[in-house]
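A short write-up of the structure that comes next.
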Amino acid sequence: METFFIITFFILGAIMGSFYHVVATRLSNDESIISPGSHCPKCNHSLSWYENIPIISYILLKGKCKQCHSKIPISYWIVELITGLLFAVCYHSFDFTVDLLIALVFISSLIIVIISDIEYMIILDEVLIASSLIIILIYIFGTSLEVAALHIYSGIGAFLAMYAIKILGDKAFKKESLGGGDIKLMFLFGLVLGLPMAICTIFLATFIAFPIALIILFSSKENVIPFGPFLSMAAIIILMTKLDLTDVLNFLVK
């Protein structure tokens, strides 16, 4: 039965991953996420059901549109696969609990954030607001008002901490060091991970970003690197590994 649920959540995640890519792309371009239906952006060919199967269709079509043979970005396939894996891991880690619902909403929002920030340098307010409200409602109805309030305070604290870092960074580098989306993203982190671990995402994200940033800076003239994807990856790692402040402190002491 455990294997059945893991496979089910993987399939669900792959389907949602396909949808999240559409959401990130269309909202970033001020387009409707409802209409038109799935289609090739090059020739506007409407995709049939067998061309729209997550993960599988990309392989069967050999990464090309059936109609015009233009290349389908591999990012679609990667997002579907990763989202499927993350949903399966979420179920395995949290089982059928309130924490599972929160984790799925959190992961979903961060997948969209990663796509939109990498491709369009945008962290969508609609996604952050919607996911934050849903998570707050889950806390209220799944736990208690007191627990919900505690998480909201943690979100506010994380937001203010990131805002303070931005002010210091702007003064130190004499230019904008962090985007507004990164600061708003920290509210969501504090809401789910708690204030201490939300702060830890900043340091973990910096650690992840540093070697990648060096490669990008030395290989390209473009020196604007979005920090949101690294923050999101760090938050996902902390969520999945269930790290807490004690674990971090023990690691630093040792």
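The values are calculated or read from the model by the stated rules, or taken from the named source; none is laboratory data. Just so it is clear, the structure is predicted and the values come from calculations on it, not from any experiment. Note that each Cβ is placed from the backbone with ideal geometry, even for glycine, and that neighbours are counted across all protein chains shown.
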(message) If I filter segment 164-200 down to residues being surrounded by fewer than 24 Cβ atoms within 10 Å (Cβ to Cβ), modelled with pLDDT of 90 or more and not aliphatic (A, V, I, L, M), which single residue comes out as farthest from residue 111 (Cα to Cα)?
(response) 196
(request) Scan 106, 87 and give me the residue that is under 11 Å from the mean Cα position of the chain (by Cα) and assigned to a helix (DSSP H, G or I). (result) 106
(message) For residue 57, only one of the following conditions fails: (1) at pLDDT 95 or above; (2) touching a helix residue (DSSP H, G or I) at 6+ places or on another chain (Cβ under 6 Å). What is its number?
(response) (1)
(request) State yes or no: is residue 137 within 19 Å of the chain's Cα centre (by Cα), loosely packed, with under 15 Cβ neighbours inside 10 Å and outside any loop (DSSP other than H, G, I, E, B)? (result) no
(request) Would you tally the residues in segment 54-84 being under 16 Å from the mean Cα position of the chain (by Cα) and surrounded by fewer than 18 Cβ atoms within 10 Å (Cβ to Cβ)? (result) 4
(message) Suppose we keep only residues that are surrounded by fewer than 15 Cβ atoms within 10 Å (Cβ to Cβ) and either assigned to a loop (DSSP other than H, G, I, E, B) or under 17 Å from the mean Cα position of the chain (by Cα) (or both) within segment 201-224. Which one would you say is modelled with the lowest pLDDT?
(response) 221
